[in-house]
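Taking it in order: structure first as structure tokens, then the write-up.
The values are calculated or read from the model by the stated rules, or taken from the named source; none is laboratory data. None of these values were measured; they are calculated from a predicted model. Glycine gets a Cβ as well: all are built from the backbone with ideal geometry, and neighbour counts include every protein chain shown. We work out accessible area using only protein heavy atoms, side chains counted, and drop any ligands, DNA or RNA first. Shrake-Rupley method; radii C 1.70, N 1.55, O 1.52, S 1.80 Å.
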Amino acid sequence: MENSPTTLGSKGLINKHEFLRVIIQCLYSLGYKKSASCLEIESGVRYKSIEFDLLESQILSGDWDDCIDTLNKIKDVKDDTRSSVLFLVFKQCFLEYLNRGDDSLALSVLQKRVPTLHMSNETVHKLAYNILALKEMELGKLDEDVISELRKRLVMELGKQLPPPIVLPERRLEHLVETSVTAQIDSCIYHNSQDAVLLYEDHCCGRDQIPTETVQILTEHSNEVWFIQFSNNGEYLASSSSDCTAIIWKVMDNDKLTMKHVLRSHQNPVSFVAWSPDDTKLLTCGNLEVLKLWDVETGTCKHTFGDHGFTVSSCAWFPDSKRIVCGSSDPEKGICMWDCDGNEMKAWRGMRMPKVLDLAVTLDGENLISIFSDKEIRILNLRTNAEQVIFEEHSITSLSVSIDSKFFIVNLNSQEIHLRDVAGKWAKPLKYTGHKQNKYVIRSCFGGINSMFIASGSENTQVYIWNRQSSTPIEVLSGHSMTVNSVSWNPKRPLMLASASDDHTIRIWGPSQSNKIQPAETST
């Protein structure tokens, strides 16, 4: 192997020695000690560096002077790292000197060795206190087995702190492979599967991994369908319409939807629905009307909140499924929190309270996100009462929060969707364009595995889908004949998407099939 190349790979980017070393480390970590040892002998490459091998030997034998000398001679180690590992060695020295009753040596190390590390006085005093505490606890009775175990722990701790190439980070090969797999998943615009990614080939999903074809058309509504939302368990879909009804649909095992209940009680168009986190209850908001609570199993109205003078704009649930919050476009009404019996628990209102256009509670119950007066976003931490205020340049029409409670999106009438983080760490939002929105309320949603997709309706009769990492759509779905007002992605069935339109229909979208089946209209 005299002429063996020093680099590997078609681009020569992989150092052969380093590559072999991480393979040997991997074999050891997987328990294949004989194979690892054979590879070390055959390749002449050792998993442990010469410096660390020497350090380990000196520590395990208690040769502290040589150990300290070795640490001081190692090159390319930052001063703070060197001080940190020397400090660990000194601590072990103290313990062992005290263990054998040699207090003078312990104090000598404290007085002469530690000051060279330029540690703070607080750290030195803490160490001295520990020495006295150990002395009082009579730890001089530690046997050799305990000392040996403490020395092994010290070796492990130094292994975590010393930098490469002296020590390899733990499970380096697994980390490199996992990083590569993650990068391939991130670059795959259609990735929407929980199946394991094979290492045998480069990963790339086809467009059949996302819903792109109409598989069912629901026609029960007799007027424009304004809003839809799948239940949290993915077993139901609720829709609301300007025909003054809301409908609960059941998702069957074959992915077809059948009508379960028609909810008739509102006198005005129903503009919004919200599922309780446990999916046993449903809220419906009447346009310029009251808020109603329904039992999902029976389809009966359990409670009406407020009165006909209370103008509801949006509503949301808290994680316990026992409390709700709703916002009003009437500034005097503000935001109210009720229990399911209609008892007001809290309210945010006043002369300076702007009208509320939309709101949401993150699924972890930590934050209340509200849209005020067209262009203002407020994020209230319900635990600390800390508040973030974000201003958009254009009017906001809707709000949606990701399942993990970390992100939210808003639709703007400037024909943009903005993605922001709830924590407020991003300086600027991510922006998505391509759809059409000028006059109407258009709603978007997160969807797919890990909420990696965004879907939105549009005024040009189409549905748009983006991968969150790209500002331009990856799919544009045609089928509706009028404005698409709302979309909802099934949280448990990542290949199912629903869209609601002014054409009085709801379309259910599924993955592209090789043998296309004519979508069947469903009205019952």
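Things worth noting here:
- Flag for ILE369 being aliphatic (A, V, I, L, M) and under 22 Å from SER239 (Cα atoms): no
- Extreme residue, farthest from ARG171 (Cα to Cα), among residues of the range 5-44 that are exposed (fewer than 14 other Cβ atoms within 10 Å of the Cβ) and either touching a residue at least 40 places away in the same chain (Cβ under 8 Å) or among the charged types (D, E, K, R) (or both): LYS11
- Restricting ASN192, ASN232 to those that are assigned by the TED database to the domain that holds ASP320 and either under 27 Å from THR461 (Cβ atoms) or surrounded by fewer than 23 Cβ atoms within 10 Å (Cβ to Cβ) (or both) reduces the list to ASN232.
- Look at (1) assigned to a strand (DSSP E or B); (2) at pLDDT below 95 and you find that ASP364 fails only one, number (1).
- No other residue among LEU291, LEU263 is open to solvent by less than 40 Å² (accessible area, probe 1.4 Å), touching a Gly at 6+ places or on another chain (Cβ under 7 Å), in the same structural domain as LYS333 (by the TED database) and over 25 Å from ASP503 (Cα atoms) apart from LEU291.
- With respect to (1) open to solvent by 40 Å² or more (accessible area, probe 1.4 Å); (2) at pLDDT below 95; (3) more than 41 Å from the chain's Cα centre (by Cα), the lone exception for TYR47 is condition (3).
- The range 266-278: number of residues that are open to solvent by less than 30 Å² (accessible area, probe 1.4 Å) and either at pLDDT 95 or above or β-branched (Val, Ile, Thr) (or both): 5
- Pick from the range 427-441, criterion of a type outside the set (D, E, K, R) and modelled with pLDDT of 95 or more, ranking: surrounded by the fewest Cβ atoms within 10 Å (Cβ to Cβ): THR433
- The residue that is nearest to LEU158 (Cα to Cα), among those in the range 30-65 that are in contact with a Lys or Arg (Cβ under 6 Å, 6 or more places away or on another chain) and not in a loop (DSSP other than H, G, I, E, B), is ILE59.
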